[in-house]
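Taking it in order: structure first as structure tokens, then the write-up.
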Amino acid sequence: MPGPTLHEGLEALRADRASEPAAVRAITRLASEFGTPLYVYDKATITGQFRAFRAAFAPRFSKPSVLYALKANTNGALVSLLRAEGASAEVVSLGEILAAVGAGYRGDEILFTSSSKAPEEIAKAVEIGAVVNVDSRDELEQVAAHAEAAGRKARISFRINPGVDPHTLHQINTGIAESKFGLHLEGGLARAGYKRAKELPSIRIEGVHCHIGSQITEIEGYVATARKMLSFVRELKEELSIRVSFVDLGGGLGVPYHDGEEGLTPAALASALEPLWRRFTADAGYEPELWMEPGRFFVGPAGFLVTRVNSVKETPLKVFVNVNAGSNTLLRPAMYAAHHRARVVGRTGAPEALDIAGDVCETGDILAAERLLPRPRAGDFVVFLDAGAYGFSMASTYNARPLPPEILVDGDTATLIRRRGTFDDLVRDEIRPSPAPRTKGASVGSKREAPRRRKRPSRPPGKRRGA
Ligand code: LLP
């Protein structure tokens, strides 16, 4: 009888059955084939999350469209997988535009959002026919000028700042009035933006957009935002005779990061938005497409960071489990005090409070603090869950540690979708001067006295060499 598949092993980890053979076999096999640290993504989870999201919106809205926010994970294998599932792309930089195009997206399937777009980014977006999601009046004029010079019409929307607080972490709260993002509804700034856009011959208005934050777990912020946005869209039609072809209500759907947590479901979100949308389309007398653009929801729960234990240390206050990855590999715990479930693979001992510490020289480099887990030994594996979004995409080579590889698991097949970084990668782009001679006697801790300088023979004044 064939044993459990890699997918089943990953599922066992998620279900907190890390000591069972399915989990042990899967992680041992992946680690021995690809080494650690290692990012692993489960294909069935990504497609499952995407399909669940679409299934929630499809029956409730006549023209729903789902975009994938590439910033969550730009690996081309995942990006093209989501395109095959039917996602369009939301991107924030030239690099992400190229990642989307490289994964097969056509220009007209791409929405380019950024609060600070460089001229070359605007030029590329206009050239490929992406929708440029304009963030300011200044930028609008630049987009119009680019389009005019290129003899094209730029397709645009404005990112709107609705002034709504979705009650998420401050660093990822973007809808509040003090954030740097979007054109404010307040003070008529958004309205004035559309009025100006309508006057510009090289601009074609396509839609309105907002994104109020990330890891949102309460419905109220979405509802308050939808109310404001939809009433603004009506105002655009009634007062400026502008009909938009889409209304994008952003991404941000939170995922559960703790065992037993429910999270906000796409069905709850879709059913809260549905009555507002119905009323709006009846009042407005037309129906634009409804766009949503999650990132984390699709790829976050699909990702696992596999680490190996280097050593275990008891201090008077804590027990540290030192693993071979750190905040350079998974930044979220250090940056946001974010919680990622940690699983000790294959151990059944009584749970103890453990701190899983990274291998970076920073006090804050703790991947999981005071977790009740069986104590592992050196060589064991500790796996962090829900690491598929903002994991690899925020990783760095700090402390001269090469980037980890990425693997896509499909059933019992594991495919390398990014090779492990190398030490050569770290220095490849450096330009090294030829080594300067080392000052003699300057080494730290040298007991030798610096050699005395030999006195030069004095020369008669005014008779310098070469003079
Ligand atoms: N659309 C826009 C315009 C965005 O700025 C973002 C995320 C998204 C969509 C997707 O949001 P999501 O559905 O993934 O929540 N590094 C942080 C998250 C930053 C999110 C930035 N914008 C973290 O690790 O939690």
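The values are calculated or read from the model by the stated rules, or taken from the named source; none is laboratory data. Remember, it's a predicted structure, so these values are computed and weren't measured experimentally. Counting neighbours? That spans all protein chains shown, and the Cβs are built from the backbone with ideal geometry, glycine included. We work out accessible area using only protein heavy atoms, side chains counted, and drop any ligands, DNA or RNA first. Shrake-Rupley method; radii C 1.70, N 1.55, O 1.52, S 1.80 Å.
Please pick out the residue among Ser202, Ser245, Ser241 that is farther than 21 Å from Thr174 by Cβ and open to solvent by less than 20 Å² (accessible area, probe 1.4 Å).
Working: Ser245 fails: open to solvent by less than 20 Å² (accessible area, probe 1.4 Å); Ser241 fails: open to solvent by less than 20 Å² (accessible area, probe 1.4 Å).
Only one candidate passes the filter, namely Ser202.
When the range 366-388 is filtered for residues that are within 20 Å of the chain's Cα centre (by Cα), part of a loop (DSSP other than H, G, I, E, B) and among the hydrophobic types (A, V, I, L, M, F, W, C), the ones remaining, listed by number, are Leu385, Ala387. Restricted to the range 293-348, the set of strands (runs of 3 or more DSSP E) holding at least 2 residues that are under 24 Å from Tyr68 (Cβ atoms) and of a type in the set (Lys, Arg) is empty. Looking across Glu239, Glu206, one residue alone is within 30 Å of Gly129 (Cα to Cα), touching a residue at least 24 places away in the same chain (Cβ under 8 Å) and part of a strand (DSSP E or B). It is Glu206. With the structure loaded, tell me whether Pro288 is open to solvent by 10 Å² or more (accessible area, probe 1.4 Å) and farther than 20 Å from Arg51 by Cβ or whether it fails that test. So Pro288 fails the test.
Within the range 97-133, the set of residues being in contact (Cβ under 8 Å) with a residue 60 or more places away in the chain and surrounded by 22 or more Cβ atoms within 10 Å (Cβ to Cβ) comprises Leu111, Thr113, Val131, Asn133.
Look through Ser114, Ser93, Ser65, Ser88 and report the one residue that is within 15 Å of the ligand (Cβ to nearest atom), modelled with pLDDT of 95 or more and in contact with a Leu (Cβ under 6 Å, 6 or more places away or on another chain).
Details: Ser114 fails: in contact with a Leu (Cβ under 6 Å, 6 or more places away or on another chain); Ser93 fails: in contact with a Leu (Cβ under 6 Å, 6 or more places away or on another chain); Ser65 fails: in contact with a Leu (Cβ under 6 Å, 6 or more places away or on another chain).
Going through Ser114, Ser93, Ser65, Ser88 in turn, just one is within 15 Å of the ligand (Cβ to nearest atom), modelled with pLDDT of 95 or more and in contact with a Leu (Cβ under 6 Å, 6 or more places away or on another chain): Ser88.
Within the range 327-351, the set of residues being more than 16 Å from the ligand (Cβ to nearest atom) and buried (at least 20 other Cβ atoms within 10 Å of the Cβ) comprises Ala342, Arg343, Val344, Val345. Scanning the range 1-35 for residues that are buried (at least 22 other Cβ atoms within 10 Å of the Cβ) and under 24 Å from Gly358 (Cβ atoms) yields Leu10, Leu13, Ala18, Ala23, Ala26, Ile27, Leu30.
Listed residues Arg371, Arg377, Arg401; which is away from the ligand (no atom under 16 Å from the Cβ), farther than 27 Å from Pro256 by Cβ and crowded, with 17+ Cβ neighbours inside 10 Å?
On the way: Arg371 fails: farther than 27 Å from Pro256 by Cβ; Arg377 fails: crowded, with 17+ Cβ neighbours inside 10 Å.
That would be Arg401, the only listed residue that is away from the ligand (no atom under 16 Å from the Cβ), farther than 27 Å from Pro256 by Cβ and crowded, with 17+ Cβ neighbours inside 10 Å.
Would you say Arg137 is in contact with a strand residue (DSSP E or B) (Cβ under 8 Å, 6 or more places away or on another chain), under 21 Å from Glu109 (Cα atoms) and either open to solvent by less than 60 Å² (accessible area, probe 1.4 Å) or away from the ligand (no atom under 16 Å from the Cβ) (or both)? Here the answer is no, as Arg137 does not meet what is asked.
Scanning the range 140-181 for residues that are among the aliphatic types (A, V, I, L, M), open to solvent by 10 Å² or more (accessible area, probe 1.4 Å) and more than 21 Å from Gln215 (Cβ to Cβ) yields Ala145, Ala149, Ala150.
Scanning the range 395-411 for residues that are of a type in the set (A, V, I, L, M) and either at negative phi or not assigned by TED's automatic domain parsing to the domain that holds Asp359 (or both) turns up Ala395, Leu403, Ile407, Leu408, Val409.
Check Arg54, Arg60, Arg83 and return the single one that is open to solvent by 20 Å² or more (accessible area, probe 1.4 Å) and in a loop (DSSP other than H, G, I, E, B).
On the way: Arg54 fails: in a loop (DSSP other than H, G, I, E, B); Arg83 fails: in a loop (DSSP other than H, G, I, E, B).
Step by step, each of Arg54, Arg60, Arg83 is checked, and only Arg60 is open to solvent by 20 Å² or more (accessible area, probe 1.4 Å) and in a loop (DSSP other than H, G, I, E, B).
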